[in-house]
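One structure below.
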Amino acid sequence: MNEAKPDTRDSELAPPALAAALAETWRTPAGLWGVLAAVDHKIIARRYIITAFVFLALGGVLALLMRLQLAQPEARVLSPDRYNQIFTMHGTNMMFLFAVPVLEAIGVYLVPLMVGTRNIAFPRLNAFSYWIFLAGGALLWIAFVLDMAPDVGWFAYVPLSGPQYGTGKRADVWAQMITFTEIAALAVAVEIVVTVLKQRAPGMSLDRIPLFVWSMLATSFVVIMAMPAVIFASTSLILDRLVGTHFFNPAEGGDVLLWQHLFWFFGHPEVYIIFLPAVGMVSAIVETFARRPVFGYLAMVMALIATSILAFGLWVHHMFVAGLPRLGQSFFTASSMSIAIPAGVQVFCWLATLWDGAPVFRTPLLFVIGFIVTFVIGGLTGVMVASVPFDTQVHDTYFVVAHFHYVLIGGAVFPLLGGIYYWFPKITGRMMSETLGKWAFWLIFVGFNLTFFPMHILGIAGMPRRIYTYQPDMPWYGLNMFVSISSLVLVAGFLVFFVDAIRSARVGASAAENPWDAPTLEWATTSPPPSYNFAQIPVVNGLSPLWDQPACLMVASGLRTDRRELIVSTVATAKPQVREASPRDSIWPFWAAVATSVMLIGSIFTPWAVVWGSVPVAVALIGWFWPKATPEDEL
Amino acid sequence: MISNRNRLALEACTGLSVAPAVWIVNTQLGQILPYLDCQHQTAYSAMASFAGAVAACATAVISWRAAQRMSISEPSPRTELSFVGSMSALSALLFAFTLLMQGAASLVLSGCQR
């Protein structure tokens, strides 16, 4: 063992000795113990990303099954009951198990690197969040295999999901899966907020924070504000179903509409929880490939923050047919249309950046162009459905299905895929294939538009959502067949992407530290980064540190090498305040997650599971926080 | 006693804190006042919205002026707070626009419509 001497500082060691000492201090143990006890943000984020993409693939299979069923009238591929489960699983899986987790995971990987620190804040909470997320995903998919998957839609409206109509345990599985994924999301959000506000590299004042980091900060605040509403809603639903409370039972003084308000107070910001990280990725990619800083940095930050606030004043536009006063609804129409302004500001800033720069059209930038096209179409139909008269006509039709797929796939999946191509070299140390990347882009772009654009027409022609089949005399057959065939092109694009990612991770060309000549700090370390991220913490003098100081980055010194230490800095100016310990690997977050999972799953069946299940949770938490006599426990 | 520096920092954040708060309050009023509008045949909703828009514009001015003073403050300009002030002012203008839209909606619809 290469044990570092007590209180050795980084400035006292030559570079090779420093790297060796830090590697020893920050290493993750090998074997099963290392797998279960790891707290390195990069390891946790990689697991999150891979797991989320597995869920994407599973959700894609469900979508294909639905398209197979709908390709012809009166098809019998799926029974009505199985179809109900499948569309519920598809929406729930894509929103809660893919979109939110994968975008947060990209933040978990990149934010500490971009702000120049050695690990995320609360790394054990980070590990806990992954295990909880995994347990929630497993719960949903095991329930599906056992034919007890939820069948109440991804928003589980009462009274359909209540005790009167939602018999069995299907709605309970949905509600408790929500609890799992929301706990995980909240944990990650808290970590990111603290990392951004208190762990930035010296000199990275508020006006020098990368736009992706701003986007993750804004997203995290939205998560913290929005998720409690749905946790309250799902918990109330379980209580209604399990112990006979009457939160949503009008006969006993409850309110059905309360569910819609609670769900959509979370549900609409959820769209921006998915969208904001994606626009952060777009800014990073545009900046690098246009070879100039993003035009209108101030306006971009304003747009991110204003969007994250406005997101909380739009939820009623999902309830325009619920019978609220017209004037009250119009206030939400006004806010819904206003949010197009910050979105438009961002689009114009990206276009101006590309216009004024020298764009290099590599695969990540292609996905960004695809994003701009599809997101603008989705945004325009968004303005349309923000209008009460129009929304009343197309509510619950395929027009809405088309709209939100344009917003969510166009607004989040295109940037995500571009982001994967962009940061893949940093994460794996290998480049993805440009040729396969271009194939993947064009297949996905063309397949997506051929699949989802006709759904606008189907919606205007009156085809409702969530129907498992339709009669031959309805005028929807031809377009549905066309949509189903087109979805195969989309699937082919994703297959090319998966093949490229798996192949490149194994045998792709080696990546340099900064293969794209990008300006932000994650490219200042090796590809992939070492366990300690940076041998010495960088000092930032501008918005684009690697372009501002191309020859040699200034660094701060004075951190100990014999214990896990990082710099805590001030919120506004990022002046160093103290050296703070970062916790070592621990098995306790895993056990805490196991105990929490047993308690939550048990509570689907008996309320006593909460009482008895809290004992192992308490034991795991005591173990988690018990001093371990490591150097990090020193005051 | 608030120091001059802290006062400027507070002013810089006014647009980003007060203007959204006004918008949130007005959105809530939009669920309450239509009943009064209908009952009394007045335009309380419109008045509240336009008053809110004026207030949001005022916070934009306060934040913008604070940003200008920060950017030339002696001995060292506080660029990060000047940045916050400018961003705050722009945000306040966006919320002022939203409040204006809500006010315009109040003029088009009556509180009696269901």
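Condition first: under 30 Å from B:Gln41 (Cβ atoms) and more than 9 Å from chain B (Cβ to nearest Cβ). Now tell me which residues in segment A:317-328 satisfy that.
Within segment A:317-328, A:His317, A:Met319, A:Phe320, A:Val321, A:Ala322 meet the criteria.
So that you can scan it fast, the table gives a plain yes or no per residue for (1) over 19 Å from A:Ala189 (Cβ atoms); (2) among the acidic types (Asp, Glu); (3) in a helix (DSSP H, G or I):
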position	(1), (2), (3)
A:Phe221	no, no, yes
A:Met225	no, no, yes
A:Val230	no, no, yes
A:Ala233	no, no, yes
A:Ser236	yes, no, yes
A:Asp240	yes, yes, yes
A:Thr245	yes, no, no
A:Phe248	yes, no, no
A:Trp264	yes, no, yes
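List pairs: first residue in segment A:417-441 and in contact (Cβ under 8 Å) with a residue 60 or more places away in the chain, second residue buried (at least 24 other Cβ atoms within 10 Å of the Cβ) and not in a helix (DSSP H, G or I) anywhere in the structure, Cβ distance under 6 angstrom, at least six positions apart or on different chains.
Within 6 Å, the pairs are A:Phe424/A:Met432.
What helices (runs of 4 or more DSSP H) completely inside segment A:319-409 contain at least 2 residues that are within 25 Å of A:Trp423 (Cβ to Cβ) and of a type in the set (S, T, N, Q)?
Counting at least 2 such residues, we get A:340-356, A:363-385.
Quick check on A:Arg200: is it within 14 Å of chain B (Cβ to nearest Cβ), crowded, with 24+ Cβ neighbours inside 10 Å and either of a type in the set (D, E, K, R) or under 20 Å from A:Asn249 (Cβ atoms) (or both)?
When the stated conditions are applied, A:Arg200 passes them.
Out of (1) surrounded by fewer than 24 Cβ atoms within 10 Å (Cβ to Cβ); (2) of a type outside the set (A, V, I, L, M); (3) within 16 Å of the chain's Cα centre (by Cα), what's the single condition that is false for A:Trp154?
Going through (1) surrounded by fewer than 24 Cβ atoms within 10 Å (Cβ to Cβ); (2) of a type outside the set (A, V, I, L, M); (3) within 16 Å of the chain's Cα centre (by Cα) one by one, A:Trp154 breaks only (3).
Hey, A:Leu553 hits all of (1) outside any loop (DSSP other than H, G, I, E, B); (2) within 24 Å of A:Tyr422 (Cβ to Cβ) but one; which does it fall short on?
(1)
Residues in segment B:76-113 that are at the interface with chain A (Cβ under 7 Å from one of its Cβ atoms) and in contact with a Pro (Cβ under 6 Å, 6 or more places away or on another chain): how many?
The qualifying residues number 1.
Would you call A:Met66 crowded, with 21+ Cβ neighbours inside 10 Å and within 25 Å of A:Phe404 (Cβ to Cβ)? Before you say what the answer is, go through the steps one by one.
Working: crowded, with 21+ Cβ neighbours inside 10 Å: no; within 25 Å of A:Phe404 (Cβ to Cβ): yes.
When the stated conditions are applied, A:Met66 does not pass them.
Against the condition without any contact (Cβ under 8 Å) to a residue 60 or more places away in the chain and either surrounded by fewer than 22 Cβ atoms within 10 Å (Cβ to Cβ) or in contact with a Lys or Arg (Cβ under 8 Å, 6 or more places away or on another chain) (or both), how does A:Gly254 come out, does it pass?
Answer is yes for this residue.
For segment A:587-594, indicate whether the set of residues that are at pLDDT 95 or above, assigned to a loop (DSSP other than H, G, I, E, B) and more than 25 Å from A:Met432 (Cα to Cα) is non-empty.
Checking segment A:587-594: at least one residue is at pLDDT 95 or above, assigned to a loop (DSSP other than H, G, I, E, B) and more than 25 Å from A:Met432 (Cα to Cα).
Those residues that are surrounded by fewer than 24 Cβ atoms within 10 Å (Cβ to Cβ), in a helix (DSSP H, G or I) and more than 14 Å from chain B (Cβ to nearest Cβ), I need them from segment A:289-308; list them, please.
Matches in segment A:289-308: A:Ala290 only.
Can we say A:Tyr470 is out of contact with any Lys or Arg (no Cβ under 8 Å at 6 or more places or on another chain), at pLDDT 95 or above and either under 30 Å from A:Arg208 (Cβ atoms) or in a loop (DSSP other than H, G, I, E, B) (or both)?
Considered against the rule, which asks whether it is out of contact with any Lys or Arg (no Cβ under 8 Å at 6 or more places or on another chain), at pLDDT 95 or above and either under 30 Å from A:Arg208 (Cβ atoms) or in a loop (DSSP other than H, G, I, E, B) (or both), A:Tyr470 comes out as yes.
Here are A:Gly418, A:Gly378: which of them is more than 14 Å from chain B (Cβ to nearest Cβ), within 20 Å of the chain's Cα centre (by Cα), within 22 Å of A:Trp214 (Cβ to Cβ) and surrounded by 19 or more Cβ atoms within 10 Å (Cβ to Cβ)?
A:Gly418
Quickly run through segment B:56-114 and pick out the residues that are of a type in the set (S, T, N, Q) and closer than 21 Å to A:Leu310 by Cα.
Residues satisfying the conditions are B:Thr59, B:Ser63, B:Ser86, B:Ser88, B:Ser91, B:Thr98, B:Gln102, B:Ser106.
Whether any residue in segment B:50-61 is more than 10 Å from the chain's Cα centre (by Cα), more than 12 Å from chain A (Cβ to nearest Cβ), aromatic (Phe, Trp, Tyr) and surrounded by fewer than 21 Cβ atoms within 10 Å (Cβ to Cβ) is what I want to check.
Yes, segment B:50-61 contains a residue that is more than 10 Å from the chain's Cα centre (by Cα), more than 12 Å from chain A (Cβ to nearest Cβ), aromatic (Phe, Trp, Tyr) and surrounded by fewer than 21 Cβ atoms within 10 Å (Cβ to Cβ).
Select, from A:Val615, A:Val594, the only residue that is without any contact (Cβ under 8 Å) to a residue 60 or more places away in the chain and either out of contact with any Phe, Trp or Tyr (no Cβ under 6 Å at 6 or more places or on another chain) or among the hydroxyl-bearing types (Ser, Thr, Tyr) (or both).
Values: A:Val594 fails: without any contact (Cβ under 8 Å) to a residue 60 or more places away in the chain.
The match here is A:Val615.
Out of the residues in segment A:329-350 meeting the condition of being among the polar types (S, T, N, Q) and within 10 Å of chain B (Cβ to nearest Cβ), tell me which one is surrounded by the most Cβ atoms within 10 Å (Cβ to Cβ).
Taking segment A:329-350 as the starting set, the residues that turn out to be among the polar types (S, T, N, Q) are A:329-330, A:333, A:335-336, A:338, A:346.
Next cut, within 10 Å of chain B (Cβ to nearest Cβ) only: A:329-330, A:333, A:335-336, A:338.
Working: A:Gln329: 25, A:Ser330: 24, A:Thr333: 22, A:Ser335: 27, A:Ser336: 24, A:Ser338: 23.
This residue is A:Ser335.
Taking the conditions exactly as written (buried (at least 18 other Cβ atoms within 10 Å of the Cβ) and hydrophobic (A, V, I, L, M, F, W, C)), does A:Ile587 satisfy them or not?
In short, no.
Looking for something under 17 Å from the mean Cα position of the chain (by Cα) and either at pLDDT below 95 or under 30 Å from A:Val555 (Cβ atoms) (or both) - is there at least one such residue anywhere in segment A:126-144?
Yes, segment A:126-144 contains at least one residue that is under 17 Å from the mean Cα position of the chain (by Cα) and either at pLDDT below 95 or under 30 Å from A:Val555 (Cβ atoms) (or both).
Can you say whether A:Leu543 is modelled with pLDDT under 95, closer than 22 Å to A:Ala20 by Cβ and surrounded by 16 or more Cβ atoms within 10 Å (Cβ to Cβ), as far as the supplied structure shows?
Judged against the criteria, A:Leu543 is not a match.
Please go through segment A:421-439 and give me each residue that is out of contact with any helix residue (DSSP H, G or I) (no Cβ under 8 Å at 6 or more places or on another chain) and crowded, with 19+ Cβ neighbours inside 10 Å, ordered by number. Before the answer, list the steps.
Taking segment A:421-439 as the starting set, the residues that turn out to be out of contact with any helix residue (DSSP H, G or I) (no Cβ under 8 Å at 6 or more places or on another chain) are A:425, A:429, A:435.
A:Pro425, the sole residue that qualifies.
The values are calculated or read from the model by the stated rules, or taken from the named source; none is laboratory data. Note that the structure is a prediction, hence the values are computed from the model and not measured. FYI the Cβ positions are ideal-geometry reconstructions off the backbone, even for glycines, and counts take in every protein chain you see.
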